[in-house]
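A.B. asks: Please read through the structure below; I'll follow up with questions.
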Amino acid sequence: MNTLDRESAKAIEALYALGYGLHAQERFADAAAVFRIMLQVAPTDERSWLALGECHELLGHSEVALELYGAGSTVVDGAIRCELARYRLFAALGRDTEAEEALEAATEIAENSSDGALVELIDAEKAVRS
C-alpha cells in the first residue's frame, strides 16, 4: 500500500470513528453529516451506507434509509449487510413481500460467497425471525 492509499485509509477510518462517536452520543443528524462525507470519499465502503441509513432510520426517515440501503446494495458488491438492513426495516414497516425479497437477496449473496461467516449471519437472522 502506498503512502496516498494509507493516508486515504486513515482519513476514512477517522471519519467513521467521528461519525460513530456522534452516533453513540445520539447526535444522529450530526453523525449523518459525517457519514455523508464518508460516503463521498469511500462509496464502496458498505459501512458508510449502513451508518447513514441507520441515522436516517433513527431520525424517523424510513424511506430515506431504505433508499440508502438499496443504493448501497447496488454500489457495493456483496453488500449483504445493506440487504439485511433493508429486510429488517421492511419487516418493521409491515412490508412483508419486500422484506422477503431483501432476505432472499441477502441469502443469495451469502450462498454465492466463499465466506462461511456470511452464511452464518443469514442463518442467525432467519432464526431470529422464525
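The values are calculated or read from the model by the stated rules, or taken from the named source; none is laboratory data. Source: prediction; values computed, not measured. Cβ atoms come from the backbone with ideal geometry, glycine included; neighbour counts cover every protein chain shown.
A.B. asks: Filter segment 40-62 down to residues that are part of a helix (DSSP H, G or I) and without any contact (Cβ under 8 Å) to a residue 24 or more places away in the chain and give me whichever is surrounded by the most Cβ atoms within 10 Å (Cβ to Cβ).
C.D. replies: 52
A.B. asks: For segment 12-65, which positions are on the phi > 0 side of the Ramachandran plot and among the small types (Gly, Ala, Ser)?
C.D. replies: 60, the sole residue that qualifies.
For (1) of a type outside the set (D, E, K, R); (2) over 10 Å from the mean Cα position of the chain (by Cα), each residue gets a yes or a no:
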{"site": "11", "(1), (2)": "yes, yes"}
{"site": "16", "(1), (2)": "yes, yes"}
{"site": "22", "(1), (2)": "yes, yes"}
{"site": "27", "(1), (2)": "no, yes"}
{"site": "61", "(1), (2)": "yes, yes"}
{"site": "65", "(1), (2)": "yes, no"}
{"site": "85", "(1), (2)": "yes, no"}
{"site": "89", "(1), (2)": "yes, yes"}
{"site": "92", "(1), (2)": "yes, yes"}
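A.B. asks: Okay, moving on. Among residues belonging to segment 1-54 that are in contact with a Cys (Cβ under 9 Å, 6 or more places away or on another chain) and of a type in the set (Phe, Trp, Tyr), point out the one that is farthest from residue 74 (Cα to Cα).
C.D. replies: This residue is 28.
A.B. asks: Considering only residues that are of a type in the set (S, T, N, Q) and surrounded by fewer than 16 Cβ atoms within 10 Å (Cβ to Cβ), look in segment 87-130 and name the one that is modelled with the highest pLDDT.
C.D. replies: 97
A.B. asks: Oh, and also: If you go through segment 21-39 one residue at a time, do you hit one that is of a type in the set (Val, Ile, Thr), assigned to a helix (DSSP H, G or I), at pLDDT below 95 and not assigned by TED's automatic domain parsing to the domain that holds residue 119?
C.D. replies: Scanning segment 21-39 turns up no residue that is of a type in the set (Val, Ile, Thr), assigned to a helix (DSSP H, G or I), at pLDDT below 95 and not assigned by TED's automatic domain parsing to the domain that holds residue 119.
A.B. asks: Only one of 81, 6, 47 is under 12 Å from the mean Cα position of the chain (by Cα) and modelled with pLDDT under 95; which?
C.D. replies: Result: 81 is the single residue among 81, 6, 47 that is under 12 Å from the mean Cα position of the chain (by Cα) and modelled with pLDDT under 95.
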